[in-house]
Ligand code: UD2
Ligand code: MN
């Protein structure tokens, strides 16, 4: 009976349902159109470079923060390309290409050619040759930086020093032209190009001719390969300006870049760096890099951009146009009063080709009474490359290790032993380094200790110290706390790792009195939602693990636990914080490893 009456009433119901559906569809259509309109409007409002996909993986690792201006796999300088191609200058600007710092796109066919040529410079030279050497760039400075007024008459003058080895013609010329176009003429004393024994034909007379009409540009040529330190010293000895400004040969400076550098460099106690933005190696697009810009280094002495300390972040937000201190500089782009540069010993001339001179200079500056700072108001683009395109006489690691050995021996005191212990290849050549002159320099300048540097310049560092425990933390069930190598690290979930030997940094940790468990690269073990994670060390109370007997307890009294899954296809063994119970998975053995 009831079923029957339901069917009879069915028609009316069907109409109502249909009406509902129609209403819903009309609403949905309105909603979608409105969202679409909003998105388009927003896109037009934002400047193009803010909309760009943040193509930074060569610069910031997948997890977000650190840049690898780092350790290269040596290049093959053009691989199998013919001499004709290697020595050709194919600069042929296309109107509008790359203007405003926009990316240049290629057709699929051109991309194939570009790939073949990539090994020449480790960036896209086909794109580079299409962009005018006078191209325009966006003004990416913050509003507060734009407001700063400089009294140009009172600023010191600058000698710009650009060293190069086999750079592309268009890239080098664009570096030079960007400086000429965007520096107040009265402040620009000269541009000194130092050719570090380049072999490319177009860098000979063709380059001489190109700069001969530019006035303030001169070229010094070294017939033998000096490396970047030797070449920069040649430039510095010739400079007549008050301030030396060093740039790599693949940079583009933006409007207003020089004044903030000169204003700060005038004070004679500082190495002042610009904020380095990104020129894409593929499209040469100019992209703003992250604001959090703080240079330091890993246990293996690889330069890293790290998250600035809370103090620096507060200082930055309260003084958005003021320079701020950094433990280390990337190395390529900085300004310094000439007198200070020489007073502090120029560069270590024993350093070959490439690498480590940036850390040596940073330590020397800080330890010997000067400072290293970054000004957010000077913006310079630089092409960061994944591979070095040059030849390294003797091999890349030999060169780099020798430079690292020198820097560590002279400046790191007992932390040099830490570095050498875990880097046997560097330790093996330690005694071959003649650093007597540099040690004398340190004595004569009455420089402070590395301990002073760590405590005062970089108190947030993650190196072992006298009052920090260092070693392996092994679970009773086997396996150690550590960062699984080859994983993103920062932000990544924490798992058990294989307990290595006493020389295996992957399973070695610093444990602080406060209760922080620190791994290399500035990672701290943090209680996550569920699983423990590796996060950038900071003030977070979730990074505190108090030792209570053989247990590690969070602030909330949970116990660090190894989660053992017995099914055969699970290879990962997560770490997590759980209610404390009687189980071996919560028992940790601290195995101290001596480091000095
Ligand atoms: C970074 C620095 C770089 C230097 C290096 C460590 C930035 C943006 N760059 O690596 O300046 O401090 O770390 O050493 O901070 N060059 C020569 N002769 C050589 C080798 C290189 O003249 O034998 C020139 C080269 O042409 C370039 C400059 O030195 O202009 C720096 O070399 P890079 O661009 O390969 O270094 P980068 O940026 O990877
Ligand atoms: Mn460079």
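Tabulated values for the structure
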read-out	value
Normalised contact order of segment 191-243, rounded percent, pairs of Cα under 8 Å and 6 or more residues apart	50
Packing-based ranking, highest mean first, of 147-160, 266-279 given that Cβ atoms within 10 Å are counted	266-279, 147-160
Separation of the residue 212 and residue 80 label points, Cα + 7 Å toward Cβ, nm	4.0
In nm, spacing of pseudo-spin labels at residue 571 and residue 540 (7 Å Cα→C-beta vector)	2.7
Relative compactness, the chain, computed as alpha-carbon Rg over 2.2 N^0.38 Å	1.14
Segment 323-467 shape via C-alpha gyration tensor axes, a/c threshold 1.5	rounded
Residues in segment 433-460 reached by a label modelled at residue 514 [backbone nitrogen below 16 Å; 7 Å Cα→Cβ]	454-460
Förster-model FRET efficiency, 35 Å R0, residue 414 and residue 501, C-beta, rounded to 0.05	0.95
Relative contact order (%) - criterion: Cα under 8 Å, at least six apart; region: the chain	13
Full-stretch length increase - residue 556, residue 578 - with 0.36 nm per residue and alpha-carbon distance subtracted	6.9 nm
Cβ crowding within 10 Å averaged over residues, with 572-579, 284-291 ranked highest first	284-291, 572-579
Label-point separation, residue 310 to residue 27 (7 Å along Cα→Cβ), nm	4.7
Contour minus Cα-Cα distance for residue 146 and residue 387 (0.36 nm per residue)	83.2 nm
Relative contact order for segment 385-530, counting Cα pairs under 8 Å that sit 6 or more residues apart, in percent	17
FRET efficiency, residue 564 to residue 421 (Cβ-Cβ, R0 35 Å, nearest 0.05)	0.60
Protection proxy ranking of 323-329, 257-263, 310-316, 134-140 - average other beta-carbon atoms within 10 Å, highest first	257-263, 323-329, 134-140, 310-316
Calculated FRET efficiency for the pair residue 349/residue 134, C-beta based, R₀ 45 Å, to 0.05	0.80
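Only the coordinates and a few stated rules stand behind these numbers; no lab work does. From a predicted model like this one, the values you see are computed outputs, not experimental measurements. Methodologically, a virtual Cβ is constructed for each residue, glycine included, from the backbone with ideal geometry; neighbour enumeration extends over all protein chains shown.
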